[in-house]
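Accompanying notes for the structure given below.
The values are calculated or read from the model by the stated rules, or taken from the named source; none is laboratory data. A quick note: this is a predicted structure, and the numbers were derived from the prediction, not measured. Cβ placement follows ideal geometry from the backbone for every residue including glycine, while neighbour counts extend to all protein chains displayed. The protein model used for the area step is the full one, side chains on, heavy atoms only, and it has no ligands, DNA or RNA in it. Shrake-Rupley method; radii C 1.70, N 1.55, O 1.52, S 1.80 Å.
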Amino acid sequence: MTINGQAANQLQVSPQPQIGWATIRPGVWLAGGLVLVFLLLFFALPVARVFITAFLDGDNSFTLGHFSAFFSQDLMRESFINSLYVAVMSAIFAALIAVPLAYFTVRFDFKGALLIQTLGVLPLIMPPFVGAVALQLIFGRSGTLNLLLNDAFGFTLPIMEGLNGVIFVEAIHYFPFILMNLTVALRNIDGAMEEAAMNLGCKGWRLFWRVIFPLGLPGFVAGASLVFVKVFDDLGTPLVMGQTNMLAPQAYLRITQVGLEDPMGYVISVLMIVFSICAMVISARALKGRDFSTLQKGGGSIQRRQLSPLESALAYLWIGVILLITLSPHLGVLLLSFAKVWSFSPLPDAYTLEHYATVFQDASGMIQNTLIYCGLAAGLDVLLGVTIAYLILRTRLPARQWLDWVATASLAVPGIVLAIGFLRMFKGVNVPGTDVLLTGTWVAIMLAYAVRRLPYALRSCMAALQQVHISLEEAAESVGANKMRSIRRVLVPLMTGGILAGFVTSFITAAVELSATIMLVSADSQAPMSYGIYLYMQSVAGRGPGAALGVLAILVVAIGTYLSHRVVEQTASRLAPRKEFSS
C-alpha cells in the first residue's frame, strides 16, 4: 500500500484529524480518566494485589517459598493435577459431543437441523452446579439409569463417581461453546474445496478428517479453549459433588477456613490465572502461520447432502440420544422441583407444589437481589462499554486501546480470584460516610459482576458503534448541536440494539455467577439466586426448593436470552439495506 493510500485510510476511520494532546477535548480526558480509575480500582489493582501477595513472605520481602510449599503438599499437587485432568478431559468429551452434532446439522440435509442446534445451546442457560444435582438423580449410583440397568441386566455404570462425575457434568454443560463456534466455521467453508477433494476420490471419514475439519479448526480451537478455561475455573460443580481436591475448591476453602492471610489461596489464584492465559495463548499459537481463508462464504458454503432413509434413521437416533443426555439436567431439575419424594426410584414417587411455595415465601428476597445486582451491573457495563467504544473509535485519546485490553482481560480472571482480590484490596475500607465495610455490602457483589461481564457488553457496544457512520454526528453538529447533544440524541439511539444486547448478555450471565458470589456474600439477606440454590442444595431436604429456585433462574436466563435474540434480529433487520423495486 502506498503512503497516500495509508493516509486515505486513516482519514476514513478517523473522525477529526487532531494534532497533539492539547487538541483533545477536556470531556474526552475526563471520560477516559473515569474509565481508567474504575478498571484500576476494581480490576487491575485487586488482581495485582493477589499476585503480589503470592510472592511476599511475612516481612513483605520477595519469596518463592509459597510456591515451593504448594508443590510440596500432596493435597495441593493432587488438586493441581486433578484440575488439569478434569479440564482436558472435559474439553475432549465436549468435543466428542459437539463435533458430530455440528457436522451432521451443517453437512447433511434433514428436518429439524435448526431445532437441534437450538436445543444444543440450552445447557448454557443453566448453572452447571444445578445440573450436577439433577444428573446425580438420573445417572448417579442410585439414579434412574442405574436402577433400570440393575433391574434389567444386573450391573450399574459409575458415571457420576469421583472426578468422572465432574467431567461428565462439565462436558454436558460447556459443549455448546464448541458447537456454536464450529458450526459457524463449517458454514463459512468454501464448497469448492469439498468438491475438489471429492473429485480426487476423497470421501467419507477421509474427507472429513483431511479437508472439512482442518478448515473448521479455528472454530473448534476457539470453542475448546473456552471449555478448558471455564472448567478449570469452575467452583460450584466440584463443591456440589463433594470433590474438593481441585484448585478452585481449595482456594475457596483456604480463604474461608484459614483466612485472608493464608498464602496458599493466593498461590492457587496465580496458578489459575496463569493457566487460563496459557490456554488462550496456546490456542492462538496453534493456529499461527496457517491459512484458513476461503474465497466464498454464505451461499458458497459446503453443500448439504441427502441421507438415505436408513442413514437418516440412524442419524436421528444418534442425535436424539445425544440431546436426551445433554437436556437431562433440565428435565431432572424440573422433575425434582415438583417431586415430593424421589429416592431409590427411577421417577419421583409423588408430586407437589410446596417447593415453589417455599421459594416464594423464603427466597423472594433472593430473586429481588438478583434482579437488582444484575440489573445495576449490566447498566454499569453498557455505560462503560459505550464510553470505551466511543473513546477507541471516535477519539485520538493516547493509549485508548489499553482500555479495551484491560477490560477484556477480565475474561481470563476466575470469579473466585477477583473476589479474593476484592477482599484483600478493600480490607478495612468503609463505605464513604458510614462505618460499614465495603466488602460487607452488596455493592461489592454488584461491582464484581460488572467487572466480570464487562467484555460481553463492550463487544456489543463496539459492534454497534462501528455500524454508525461519523457523518451522522457531524450532520447534527453542523446544525448547532454540541458534542454531548449529538451523542445523546443521535449516537446513542442508533446504538440502541447493541446496547440492549450487551445489557441482556451481561444480565443473564451474571445471574448464574457463583464463584465470586460465594466469596462476597456476607449475610443471607444479601444472597442472590445463585447463592440461594447452592445453599439449598447442601441438604437433602433443601434440594426440592433448590431445584424450584433453579427452574426460576433458568426462566429468568431463558427470557433474557430470548429478548437478546429478538433485539439483535430486529436491529439487524432495521439496519439491513432495503430493496428498491422499479415500477
Over region 89-121, the set of residues surrounded by fewer than 17 Cβ atoms within 10 Å (Cβ to Cβ), touching a helix residue (DSSP H, G or I) at 6+ places or on another chain (Cβ under 9 Å) and β-branched (Val, Ile, Thr) is 92, 121
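Can you name the helices (runs of 4 or more DSSP H) wholly within region 309-397 that have at least 2 residues being open to solvent by less than 20 Å² (accessible area, probe 1.4 Å)? Explain how you work it out, then say what you get.
Details: elements: 309-326, 328-338, 354-362, 364-394.
Those helices (runs of 4 or more DSSP H) span 309-326, 328-338, 364-394.
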When residue 518 is run through (1) among the β-branched types (Val, Ile, Thr); (2) at pLDDT 85 or above; (3) within 27 Å of residue 405 (Cβ to Cβ), the failure sits at (3)
By residue number, the members of region 210-236 that are modelled with pLDDT under 90 and of a type in the set (Val, Ile, Thr) are 211, 212, 221, 229
In region 143-154, anything assigned to a helix (DSSP H, G or I) and open to solvent by less than 20 Å² (accessible area, probe 1.4 Å) is listed as 146
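For region 489-502, does any single residue satisfy the condition of being more than 17 Å from the chain's Cα centre (by Cα), of a type in the set (Lys, Arg) and assigned to a loop (DSSP other than H, G, I, E, B)? First the steps, then the outcome.
In the first step, residues of region 489-502 are kept if they are more than 17 Å from the chain's Cα centre (by Cα); the result is 489-500.
From what's left, of a type in the set (Lys, Arg): 489.
This time we only want the ones that are assigned to a loop (DSSP other than H, G, I, E, B), so: none.
Checking region 489-502: not a single residue is more than 17 Å from the chain's Cα centre (by Cα), of a type in the set (Lys, Arg) and assigned to a loop (DSSP other than H, G, I, E, B).
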Residue 469 passes all but one of the listed conditions (1) farther than 23 Å from residue 527 by Cβ; (2) touching a strand residue (DSSP E or B) at 6+ places or on another chain (Cβ under 7 Å); the exception is number (2)
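Which one of 329, 346 is over 24 Å from residue 558 (Cβ atoms) and in contact with a helix residue (DSSP H, G or I) (Cβ under 6 Å, 6 or more places away or on another chain)? Spell out how you get there, then give the answer.
Numbers: 329 fails: over 24 Å from residue 558 (Cβ atoms).
From the options 329, 346, the qualifying one is 346.
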| task | Would you confirm whether any residue within region 434-443 is more than 24 Å from residue 508 (Cβ to Cβ), touching a Gly at 6+ places or on another chain (Cβ under 8 Å) and not acidic (Asp, Glu)? | result | yes
For helices (runs of 4 or more DSSP H) lying entirely in region 209-271, having 1 or more residues that are of a type in the set (Lys, Arg) and open to solvent by 30 Å² or more (accessible area, probe 1.4 Å) picks out 217-233
Reported set for region 429-447 where residues are crowded, with 19+ Cβ neighbours inside 10 Å and modelled with pLDDT of 90 or more is 442, 444, 445, 446, 447
request  = Test residue 42 against the stated conditions and say whether it is in contact with a helix residue (DSSP H, G or I) (Cβ under 9 Å, 6 or more places away or on another chain), closer than 30 Å to residue 343 by Cα and in a helix (DSSP H, G or I).
outcome  = no
Yes or no: region 133-153 includes at least one residue that is polar (S, T, N, Q), out of contact with any helix residue (DSSP H, G or I) (no Cβ under 6 Å at 6 or more places or on another chain) and within 18 Å of residue 550 (Cβ to Cβ).
yes
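Out of region 411-428, which residues are open to solvent by less than 40 Å² (accessible area, probe 1.4 Å), assigned to a loop (DSSP other than H, G, I, E, B) and over 19 Å from residue 231 (Cα atoms)? Please lay out each step first, then the result.
Step one: list which residues in region 411-428 are open to solvent by less than 40 Å² (accessible area, probe 1.4 Å), which gives 412-423, 426.
Within this subset, residues satisfying the condition of being assigned to a loop (DSSP other than H, G, I, E, B) are 413-414, 426.
Correct list: 426 only.
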Taking region 1-39 and the residues there that are in a loop (DSSP other than H, G, I, E, B) and touching a Leu at 6+ places or on another chain (Cβ under 8 Å), the one that is modelled with the highest pLDDT would be 24
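Looking at region 155-191 only, could you name the residues that are part of a helix (DSSP H, G or I), over 13 Å from residue 237 (Cα atoms) and open to solvent by 50 Å² or more (accessible area, probe 1.4 Å)? Walk me through it before giving the result.
Of region 155-191, the ones part of a helix (DSSP H, G or I) are 162-187, 191.
Next cut, over 13 Å from residue 237 (Cα atoms) only: 175-187, 191.
180, 181, 184, 187, listed by residue number.
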When every residue in region 457-494 that is open to solvent by 50 Å² or more (accessible area, probe 1.4 Å) and among the basic types (Lys, Arg) is compared, the one nearest to residue 384 (Cα to Cα) is 459
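From 428, 421, 415, grab the single residue that is closer than 24 Å to residue 54 by Cα and either free of Cβ contacts under 8 Å to residues at least 60 places away in the same chain or polar (S, T, N, Q) (or both). Before the answer, list the steps.
Numbers: 421 fails: either free of Cβ contacts under 8 Å to residues at least 60 places away in the same chain or polar (S, T, N, Q) (or both); 415 fails: either free of Cβ contacts under 8 Å to residues at least 60 places away in the same chain or polar (S, T, N, Q) (or both).
Sole residue among the options that is closer than 24 Å to residue 54 by Cα and either free of Cβ contacts under 8 Å to residues at least 60 places away in the same chain or polar (S, T, N, Q) (or both): 428.
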By residue number, the members of region 431-454 that are without any contact (Cβ under 8 Å) to a residue 40 or more places away in the chain and in a helix (DSSP H, G or I) are 438, 443
Residue 49 meets each of (1) crowded, with 16+ Cβ neighbours inside 10 Å; (2) over 23 Å from residue 424 (Cβ atoms); (3) charged (D, E, K, R) with one exception, condition (2)
